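The values are calculated or read from the model by the stated rules, or taken from the named source; none is laboratory data. Only a predicted model underlies this, so the values are computations on that prediction, with no experimental measurement involved. Here the Cβ positions follow ideal geometry from the backbone for every residue, glycine too, while neighbour counts run over all protein chains shown.
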Amino acid sequence: MLGSILTATIGVLHFGIMVLEMFFWTSERSRRAFSITLEFARATKALAANQGLYNGFIAAGLIWGAWLGTDGKAISTYFLLSVAIAGIFGAITVARRIILVQTVPSLIALAAVHFG
């Protein structure tokens, strides 16, 4: 149960990221969240929308796995590992804090899915 709750929570987080990237990329809130300038946001709007779509797929997979509960253990594992790996890559290439926002929560949820 705890694993499903944590997995769904991370799914909701990624849904929120999707919304920011796809629909509000140039907004003050998104620019603060992603530490970008308005000029950069305008120049990368299409790229961010594409990235947001991928976050939407991740969100859907996480929520799907959580909804299935123990029957969705493999699905949850796949998507949580995907988030963890993406977080590591993001920490290396963009900002170290991504480890704390993405990787650590996904690994905690993964532990709960398998041991909780």
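Going through the stretch 1-44 one residue at a time, which ones are within 15 Å of Pro105 (Cα to Cα) and among the hydroxyl-bearing types (Ser, Thr, Tyr)? Ser4, Thr7, Thr9 - these are the residues of the stretch 1-44 that are within 15 Å of Pro105 (Cα to Cα) and among the hydroxyl-bearing types (Ser, Thr, Tyr). The set of residues from the stretch 10-33 being under 13 Å from the mean Cα position of the chain (by Cα) and either farther than 24 Å from Ser76 by Cβ or among the charged types (D, E, K, R) (or both) comprises just one member, Glu21.
Looking only at the stretch 20-39, which residues are in a helix (DSSP H, G or I) and loosely packed, with under 15 Cβ neighbours inside 10 Å?
To start, the set of residues in the stretch 20-39 that are in a helix (DSSP H, G or I) comprises 20-23, 28-34, 38-39.
Phe23, Glu28, Arg29, Arg32, Leu38, Glu39, listed by residue number.
The set of residues in the stretch 14-34 that are within 27 Å of Gly61 (Cβ to Cβ) and not hydrophobic (A, V, I, L, M, F, W, C) comprises His14, Gly16, Glu21, Ser27, Arg29, Ser30.
Given the criteria assigned to a helix (DSSP H, G or I), over 25 Å from Leu110 (Cα atoms) and modelled with pLDDT of 95 or more, does Leu47 qualify?
Values: assigned to a helix (DSSP H, G or I): yes; over 25 Å from Leu110 (Cα atoms): yes; modelled with pLDDT of 95 or more: yes.
Judged against the criteria, Leu47 is a match.
Taken over the stretch 83-100, the criterion of being in contact (Cβ under 8 Å) with a residue 12 or more places away in the chain and either in contact with a Phe, Trp or Tyr (Cβ under 6 Å, 6 or more places away or on another chain) or in a loop (DSSP other than H, G, I, E, B) (or both) is satisfied by Ala95 alone.
Have a look at Leu68, Leu80 and point out the one that is of a type outside the set (Ser, Thr, Tyr), outside any loop (DSSP other than H, G, I, E, B) and either without any contact (Cβ under 8 Å) to a residue 60 or more places away in the chain or touching a Cys at 6+ places or on another chain (Cβ under 9 Å) (or both). Give the derivation first.
Numbers: Leu80 fails: either without any contact (Cβ under 8 Å) to a residue 60 or more places away in the chain or touching a Cys at 6+ places or on another chain (Cβ under 9 Å) (or both).
One residue alone meets the criteria, Leu68.
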